[in-house]
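Just so you know, all these numbers are worked out from the coordinates, no wet-lab data involved. Source: prediction; values computed, not measured. Neighbour counts run over all protein chains shown; Cβ positions are idealised from the backbone, glycine included.
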Amino acid sequence: MDHTTNHTTAKAPLNDPLDAPLLDVQDLTVDVLSRSGAAQRVVHGVSFTLHEEETLALIGESGSGKSISAMAVMGLLPATTARVGGSARHRGTDLLTLPEDQFRALRGRRIAMVFQDALSALNPTLTVGFQIAETIRAHEGVGRREARARAVELMARVRIPDPALRYRDHPHQFSGGMRQRIMIAMAVALSPDVLIADEPTTALDVTVQAQIMELLAELREETGSALLLITHDLGLAAGTADRVAIMYAGRILEQAPVQELYDRPAHPYTRGLLAAVPRLAGDTDDLTPIPGTPPGPGLLPAGCAFHPRCPDVGERCATQEPMLLPALPDPPARLVACHYPLEVSGAR
Amino acid sequence: MPDDVPTGAPLVETGVPLLEARGLVKHYRSGGLPLGGRRRATVKAVDGVDLTLRRGSTLGLVGESGCGKSTLTRLLMALDRPTSGTVLVEGRDLLALPSAELRRRRRDIQLVMQDPYTSLDPRMTALEIVREPLDIHRDLMPKKERASWAHELLHMVGLDPGHAHRHPHQFSGGQRQRLGIARALALRPKILVCDEPVSALDVSVQAQVINLFKELQREFGLSYVFIAHDLAVVRHVADEVAVMYLGRIVEHGDRDTVYSRPAHPYTRALLSAVPDPDPRGRGATGRIVLQGDPPSPTRPPTGCAFHTRCWKSEEICVDQQPVPTPESAVGRRQVSCHFPEN
Amino acid sequence: MTDAALSPEKLGAQGTSTEASYQAPQGTWHELRRRPVFLLTGGCALLLLLLAAAPGLFAGWFGHGDPTVCELGHSAEGPAPGHPFGYDVQGCDLYANVIHGAGASLGVGLLATGLGLAVALVLGCLAGMAGRIVDSVIARITDVFLGFPFLLGAIVVLNSFTTRDVPTVAGVLALFGWPTMTRVVRASVRSVREADYVVMARSLGASQWFIVRRHVLPNALTPVLVLATITVGGVIVAEAALTFLGVGLQPPSISWGLQLAGAQNSFQTHPHLLIFPGLFLSFTVFVLITFGDTVRDALDPRGR
């Protein structure tokens, strides 16, 4: 997909100029506040753009700030424990400065989220059908009967067998995979144009994961919504995403179209990740790990956050933080935050 | 690998195997009170497993949640008594020994657990954790030598012995798993049973720990039972692979055979479902996406347990439980399927 | 395969450069030290203990400080120079009496709680670690004792004693105080027993006794110690109530309960007789309960 030009799609924008991107996050920062009021920065100026109908994967290890960035964009971080800075514009409207009631109306209708843990995201005391129907009723003010019919239809669309019967079941009566389908049904109930999926299959078995990813891809195709996939799994992103952003210690280190990123990683961290991941093909010699441990949020190294673990560390790395800038071989699609990006002219 | 060239030892070792499971069955009763009105269901967690671990090799055990991996771990470790069948460590049934002798013999077979956060006592220091096995088996080493051996172990697994007095919460996940490995090595065991030892770790750290396992094996000639759900990880450590489905082993063979030419439809589906970290593989033909969830072990299907999700299923699969094929029939492996691939 | 030797440099690459940058989560003690409420109530609790252990240090601040030196002529007089709390009905210095009363109140509180705790630890560990039959028996006995109304039970038992000093009252209160603590011990023992590190120790060949000593007790102790702190406050109130009702401590013991009991007929005319012992009693109980709550909040990760 050519992401460098803006898409003009059949879907009319709400009220903003046609050229405003679907979701444009600029310089997002998140400070987590401790009880004593001390602030700790966990997201350090993250910027990315999600275009119409595309899938962008945000890849990072635990503690890289990927999930908390998504929560910040969704406005789901409680103001008492987190402070969010920067901007997140949905078709030109900055979500972060939107009054809560307007944001609430937008959430679900324009932007929806699928969480990792469907069991805790669903209310255990209510039937799943009721929960889906409530989502529809809350936003569209339709009658009980119509909401119910649409909920059953949605359950069928996410391939839940006997939807009319299972409408009356409670979350614990479903398997993990089925619960995740219900979460997805709730997320797509109002045909949002942005779907944020936060580790949607991490809790699931590999055969069920394959089913869920297939379902997400199909629904995305049908509805034409864009997908922001938050994951730690390089394989999952490779199979789904159009573009990929690699996060580390609260920053984006590299961003590129999927094939380019996997074929010719420009950032040493990306290359390290790709070398460290066990594969089903190729030799089975020792893997090449990245030495060390990701830094905790409290004690980030000066300069580039990755430099203590970097094999190609240079003199500037310890003092100067690199900016995320267009880089060879495919600017402007590829952005890299590294003083000494890898020679990517040759193939891997 | 060509079929006609036998490259490794046979699956069944001659002589006394290091670790052997024979007809292992474990049924649990679940639900209902002893005198309650509700009917109690029997969970067939492990339902007839035969395994052999060869000296110096790694047996990978793969399966999805609920397939009985964890129960099998507990049985192999003699932490639970099987409903029937035996586990033999060097030909000896540990559970048949008197309890003091059983506790002594446990030193040969050690466990590495999945969760590096819950498997370490939060109140103990790194040194105390690694030394604990020696405090239990006090006859092995005089008290004075234990601390220095513990320091050596920390060094061996790549931890800074200078951090010996830190508590688990002061270590990262990968470092905690190294601590767990150091503890498991303290008694110089012959076998390590590793229950999902790297699945809680991030990719970059996971590779460090996988390499550590391999280096320790080369150094000490350890044998591993490596239990995992991640087929890509298992491929990097195992010499032999056994695939479990609903309490049974459906396919068992040497790694290259199982990965390159899976014979059981479930193995094929499992391999096909692993996300490939290469976008080129996208849209490749022949990708198998199974429908439905694994059935509940309280009510396993009749015949072949996999027939409810299998695309090759026929009448015989519903009626008859397949018996493992002889080793030679389909390459160097055993498969329990009426219609195996070749 | 050439590199057969374990090279710590390679394996342990993480041991050097970035180790220090991994941030350790802060411990409970660290968390507690930064809470003003903890420091304040902890300080007050220490002060009260000192008061109970060595009343002589405080009693003589204003007058002679001897609670037994009484002048009937001053009976129930209000505060006067040298006697900041006034006199009691017997004409004894009320300040000195209140200070000396701390000993009995805290003594009963600590002794009863200590006894109950000891019983709870033994029975709780037994119930948590032993088989289902032992567990059920202990659970039923606990239920029976929990079924007694605490105060009513204590009244009935205490009535059968002719002399009631600190150990007897403490013993009777402990008799009705152990069940709650036993339940807490049993619950935490059971949760620790299921912990991965205990399974680990079993697989290492550890004996039951080793596991209890090394893992179960240290980890199960904290929650019940917190409960015990709160229980001390409750026991002190119970002692005062029993004494007030005439079935608790008897003179010549000096306790806040006795002082309150003595004030019951004249508190409308001489309110200071009620107010000063009452203030000390309430303050002590408040300090202990707040202290326990603060520690519990810090220990409970869900509260963070």
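Per-residue ellipticity at 222 nm from helix content only, as computed over the protein assembly as shown with -39500 (n - 2.57) for each DSSP H run of at least four residues, stands at -12500 deg cm²/dmol.
With both residues required to sit in chain B, DSSP beta bridges show an antiparallel share near 60%.
With the biggest extent put first, the Cα atoms of region C:44-303 measure 76, 36, 27 Å across the principal axes. A cut-off of 5 Å between modelled amide H atoms, ignoring neighbours fewer than 5 places along the same chain, links A:Leu23 with A:Leu50, A:Arg91. DSSP assigns beta bridges within the protein assembly as shown; of those with both partners inside it, close to 60 percent run antiparallel. Each of B:Lys26, B:Lys214 was scored by other Cβ atoms within 10 Å of its Cβ. Arranged with the fewest first, they read B:Lys214, B:Lys26. Near B:Asp276: Cβ cut-off under 12 Å, other residues only, Lys/Arg at +1 and Asp/Glu at -1. The net charge is +2. Kirkwood hydrodynamic radius of region C:120-236, from the reciprocal of the average inverse Cα-Cα distance over all distinct pairs: 15.6 Å. Estimated from the Cβ-Cβ distance and a Förster radius of 35 angstrom, the FRET efficiency linking A:Asp117 and B:Lys143 is about 0.15. Please work out the Cα center distance from region C:228-304 to region C:120-143, rounded to the nearest Å. Taking the Cα centre of region C:120-143 as reference, the centre of region C:228-304 is 32 Å away. Across region C:282-291, coupling constants 3J(HN,Hα) worked out from phi with the 6.51/-1.76/1.60 Karplus curve, θ = phi - 60°, read 4, 4, 4, 4, 4, 4, 5, 5, 5, 4 Hz, and Gly and Pro carry x. Distance between the C-alpha centres of region B:193-226 and region A:281-343: 26 Å, rounded to the whole angstrom.
Label point of C:Ala118 set 7 angstrom out along Cα-Cβ; within region C:136-174, amide nitrogens under 19 Å from it belong to C:165-174.
Assuming R0 = 45 Å, can you tell me the calculated FRET efficiency for the pair C:Ser160 and B:Ser199, based on Cβ-Cβ distance, to the nearest 0.05? With a Förster radius of 45 Å, E is 0.10.
Positive end of the dipole of region C:44-303 (Cβ unit charges, origin at the Cα centre): among C:Ala96, C:Leu258, C:Leu173, the Cα lying farthest that way belongs to C:Leu173. Summarising the label geometry, the points placed 7 Å from Cα in the beta-carbon direction at C:Leu279 and A:Ala138 lie 5.3 nm from one another. Converting the Cα gyration tensor eigenvalues of chain A into ellipsoid dimensions via √(5λ) gives semi-axes, longest first, of 35, 23, 20 Å. Once backbone amide H atoms are built at 1.01 Å from N, A:Leu227 has A:Glu54, A:Thr55, A:Leu56, A:Leu195 as its partners under 5 Å, excluding neighbours fewer than 5 places away on the same chain. Within region A:201-218, list the residues whose amide N lies under 18 Å from a label point set 7 Å along Cα→Cβ of B:Ile288. Those under the cut-off are A:205-212, A:214. Farthest toward the positive end of the dipole of chain A, out of A:Gln173, A:Gly143, A:Ala256, is the Cα of A:Gly143, where the dipole comes from beta carbon charges about the Cα centre. Per residue of C:190-201, other chain Cβ atoms within 10 Å of the residue Cβ number 5 on average. Between the beta carbons of C:Leu146 and A:Asp330, assuming R0 = 60 Å, the FRET efficiency works out to 0.25 to the nearest 0.05. For the cross-link pairs B:Lys143/B:Lys214; B:Lys44/B:Lys214; B:Lys26/B:Lys214; B:Lys143/B:Lys190, the ones whose C-alpha atoms lie over 25 Å apart are B:Lys143/B:Lys214; B:Lys44/B:Lys214; B:Lys26/B:Lys214. Here's the picture: charge each Lys and Arg Cβ at +1 and each Asp and Glu Cβ at -1 in region B:97-175, and of B:Val157, B:Gln170, B:Thr125 the one pushed furthest to the positive end of that dipole is B:Thr125.
For region A:234-348, the convex hull spanned by the alpha carbon atoms encloses 111 Å³ per residue. With N set to the number of residues, divide the alpha-carbon radius of gyration of the protein assembly as shown by 2.2 N^0.38 Å and report two decimals. Expressed relative to 2.2 N^0.38 Å, the Cα Rg reads 1.12. Just so you know, the Rg over Rh for chain B is 0.98, from Cα atoms, with Rh as the Kirkwood radius. Entry note, chain B: relative contact order of 20 percent, from Cα contacts under 8 Å with a spacing of 6+ residues.
Under 20 Å of direct C-alpha separation, and excluding same-chain neighbours fewer than eight residues apart, B:Lys312 reaches these aspartates and glutamates: B:Glu251, B:Asp293, B:Glu341. The dipole here belongs to the protein assembly as shown: it is taken about the Cα centre, uses +1 on the Cβ of Lys and Arg and -1 on the Cβ of Asp and Glu, and is about 2240 debye.
For region A:187-249, what does the alpha-carbon gyration tensor say about shape, rounded, prolate or oblate, given a ≥ b ≥ c as the root eigenvalues, a/c under 1.5 as rounded, and a/b over b/c as prolate? Oblate shape, in that a/c is at least 1.5 and b/c is the bigger or equal ratio. Highest-first packing order for the peptide set B:307-316, B:256-265, A:234-243 is A:234-243, B:256-265, B:307-316, based on the mean count of other beta carbon atoms within 10 Å. Inter-chain Cβ neighbour count for B:151-163, averaged per residue, equals 4 (cutoff 10 Å, partner chain atoms only). Globularity index of region B:248-297 is 1.29 (Cα radius of gyration / 2.2 N^0.38 Å, N = number of residues). Taking Lys and Arg as +1 and Asp and Glu as -1, the other residues whose beta-carbon sits under 10 Å from that of A:Asp205 total -2.
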